[in-house]
């Protein structure tokens, strides 16, 4: 294959990606950002301000209406103090099961207004993790 053909293919792929509209993965990433932000009691206004975006743009990212740049996603990860992978879909296997459990726990915790109960659950989880890591 000649270099010209290869370059044309690269340009064509890049042009397709630039034109691509937000899709299911963008919506998934947006819902993960929203869940993590809410878990920390942060408003979309506050997160947007820290990133240098308007609340309207943050809502577009969170609803999956706009594609979020990787650099911005990295900044969100740092601000919310979560690993970047927390925002990415897990395809299969035990990691998918763990992600589903984490999401269910997050949804449940977001509905719990009792701070003392949340603190007790946090202590319980810490003890459980320590126990499981010492046994294995």
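The table that follows gives values for the structure above.
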{"item": "Footprinting exposure proxy for 84, 121 (fewest neighbouring C-beta atoms within 10 Å first)", "result": "84, 121"}
{"item": "Length released on extending from residue 123 to residue 101, taking residue separation times 0.36 nm less the Cα-Cα span", "result": "6.1 nm"}
{"item": "Per-pair calculated FRET efficiency, R0 = 30 Å: residue 90 and residue 51 via Cβ, rounded to 0.05", "result": "0.75"}
{"item": "Residues 131, 28, 61, sorted so that the one with the fewest Cβ neighbours within 10 Å comes first", "result": "131, 28, 61"}
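Throughout, read-outs are computed from the coordinates displayed, never taken from laboratory work. Values in this document were obtained by computation on a predicted structure and should not be read as measured data. Don't worry about glycine lacking a Cβ; one is built from the backbone with ideal geometry, like all the others, and counts go over all protein chains shown.
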